[in-house]
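This report concerns only the one structure given below.
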Amino acid sequence: FDPRHYLGTHCYGLPKTGPHRLRFLLESVKDLRETLKRKGSTLVVRKGKPEDVVRDLITQLGSVTAVVFHEEVKEIL
């Protein structure tokens, strides 16, 4: 979870992620973790800036051969 997604927007100061969206995200992550667990896998969840968290996780795991990600669509003003 990137803390920057839960701060106010730069235009109007409104939260980027309101309470309903946050609840949906938390429930979705919980459901995904439970589904993966039933299949013999797991889900790693971290809080922090992705550029820091992913680097630290790769260092911790040591045997990472690939990293796949997507870029967030930027606002069009």
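Annotations for the structure displayed:
- Matching residues, the stretch 48-64, being within 17 Å of Pro3 (Cβ to Cβ) and part of a loop (DSSP other than H, G, I, E, B): Gly48, Lys49
- Condition check for Gly40: on the phi > 0 side of the Ramachandran plot and at pLDDT below 95: no
- Considering only residues in the stretch 42-67 that are under 25 Å from Asp31 (Cα atoms) and among the basic types (Lys, Arg), the one that is surrounded by the fewest Cβ atoms within 10 Å (Cβ to Cβ) turns out to be Lys47.
- Of the candidates Val67, Val45, the single residue that is closer than 18 Å to His5 by Cα, touching a residue at least 12 places away in the same chain (Cβ under 8 Å) and either in contact with a strand residue (DSSP E or B) (Cβ under 8 Å, 6 or more places away or on another chain) or among the aliphatic types (A, V, I, L, M) (or both) is Val45.
- Test: residue in the stretch 44-54 that is over 12 Å from the mean Cα position of the chain (by Cα) and either farther than 20 Å from Glu71 by Cβ or of a type in the set (Lys, Arg) (or both): no
- Residue satisfying all of: in the stretch 15-41; part of a loop (DSSP other than H, G, I, E, B) and farther than 19 Å from Lys74 by Cβ; least open to solvent (accessible area, probe 1.4 Å) among these: Gly18
- Pairs with Cβ under 6 Å, 6+ apart, first in the stretch 22-34 and free of Cβ contacts under 8 Å to residues at least 60 places away in the same chain, second surrounded by 12 or more Cβ atoms within 10 Å (Cβ to Cβ): Leu32/Leu43; Arg33/Leu43
- Per the conditions (1) part of a loop (DSSP other than H, G, I, E, B); (2) surrounded by 11 or more Cβ atoms within 10 Å (Cβ to Cβ), the sole criterion not satisfied by Tyr12 is (2).
- Subset of the stretch 1-24 (residues that are in contact with a Phe, Trp or Tyr (Cβ under 8 Å, 6 or more places away or on another chain) and of a type in the set (A, V, I, L, M, F, W, C)): Leu22
The values are calculated or read from the model by the stated rules, or taken from the named source; none is laboratory data. As the structure is a prediction and not an experimental result, all values here were calculated from the model. All Cβ positions, glycine included, derive from the backbone under ideal geometry; neighbour counts span all protein chains shown. With ligands, DNA and RNA removed, areas are computed over all heavy atoms of the protein, side chains included. Shrake-Rupley method; radii C 1.70, N 1.55, O 1.52, S 1.80 Å.
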